[in-house]
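J.: Submitted below is the structure of interest, expressed as structure tokens.
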């Protein structure tokens, strides 16, 4: 007599545990990566505004070599940035403080000289960058143009510094 084999219905306990372990490993990898990308996406609003400010600063320095005057050389409020450069940054809620530093007669600087720094302090962005600042700095190139680069202030995480 032939015995009929019963068809297996469902999964065994070990198969279910293996699937749960695989899901746990994937989650352990994916969640931190998702959080990092979320912070970088929130930072984009600020870095785009800083790039707009840098364009206005570069144009102004190259148009008028004696710009800025002493009142504009150390802009610190969003209202001052809008009134002197025409860039509205008050509505950006991810910045707690703005600072722009431009030496007097920046347009007459020698090649390799840093002629402008634009600094923003993050808020409402997420850890680990909340309360930390990033700087966009301009340097006079050999042909007289201004090249821009990024750097963090203090212990700003290297992974979150924008690329050039």
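J.: Please go through (1) outside any loop (DSSP other than H, G, I, E, B); (2) modelled with pLDDT of 80 or more for residue 88 and return the number of the only condition it doesn't satisfy.
T.: Single failed check for residue 88: (1).
J.: Look through the range 72-85, keep the residues that are out of contact with any helix residue (DSSP H, G or I) (no Cβ under 7 Å at 6 or more places or on another chain) and part of a helix (DSSP H, G or I), and return whichever of them is nearest to residue 126 (Cα to Cα). Can you show your working first?
T.: Restricting attention to the range 72-85, the residues satisfying the condition of being out of contact with any helix residue (DSSP H, G or I) (no Cβ under 7 Å at 6 or more places or on another chain) are 73-74, 76-80, 82-83.
Retained after the next criterion (residues that are part of a helix (DSSP H, G or I)): 73, 78-80, 82-83.
Values: 73: 31, 78: 22, 79: 25, 80: 27, 82: 27, 83: 30 Å.
Step by step, filter the range 72-85, then rank; the result is 78.
J.: Would you confirm whether any residue within the range 104-115 is within 21 Å of residue 152 (Cα to Cα), part of a strand (DSSP E or B) and touching a strand residue (DSSP E or B) at 6+ places or on another chain (Cβ under 9 Å)? So that I can check it myself, show each step before the final result.
T.: Start the filter on the range 104-115 by keeping residues that are within 21 Å of residue 152 (Cα to Cα), which leaves 112-115.
Imposing the further condition that a residue be part of a strand (DSSP E or B) reduces the set to 114-115.
Applying the additional criterion that residues be touching a strand residue (DSSP E or B) at 6+ places or on another chain (Cβ under 9 Å) yields 114-115.
Yes, some residue in the range 104-115 is within 21 Å of residue 152 (Cα to Cα), part of a strand (DSSP E or B) and touching a strand residue (DSSP E or B) at 6+ places or on another chain (Cβ under 9 Å).
J.: Does residue 23 meet the test of being in contact (Cβ under 8 Å) with a residue 60 or more places away in the chain and over 18 Å from the mean Cα position of the chain (by Cα)?
T.: Values: in contact (Cβ under 8 Å) with a residue 60 or more places away in the chain: no; over 18 Å from the mean Cα position of the chain (by Cα): yes.
Here the answer is no, as residue 23 does not meet what is asked.
J.: Scan the range 146-164 residue by residue and report those that are exposed (fewer than 14 other Cβ atoms within 10 Å of the Cβ) and touching a helix residue (DSSP H, G or I) at 6+ places or on another chain (Cβ under 8 Å).
T.: If the condition is that a residue be exposed (fewer than 14 other Cβ atoms within 10 Å of the Cβ) and touching a helix residue (DSSP H, G or I) at 6+ places or on another chain (Cβ under 8 Å), then 159 is the only one that fits.
J.: Return the only residue of 75, 43 being modelled with pLDDT of 95 or more, surrounded by 14 or more Cβ atoms within 10 Å (Cβ to Cβ) and within 30 Å of residue 137 (Cβ to Cβ). Step through it out loud before you land on a result.
T.: On the way: 75 fails: modelled with pLDDT of 95 or more.
Among 75, 43, only 43 is modelled with pLDDT of 95 or more, surrounded by 14 or more Cβ atoms within 10 Å (Cβ to Cβ) and within 30 Å of residue 137 (Cβ to Cβ).
The values are calculated or read from the model by the stated rules, or taken from the named source; none is laboratory data. These figures come from a predicted structure and were not determined experimentally. Reconstructed Cβ throughout: ideal geometry from the backbone, glycine too, with neighbour counts over all protein chains shown.
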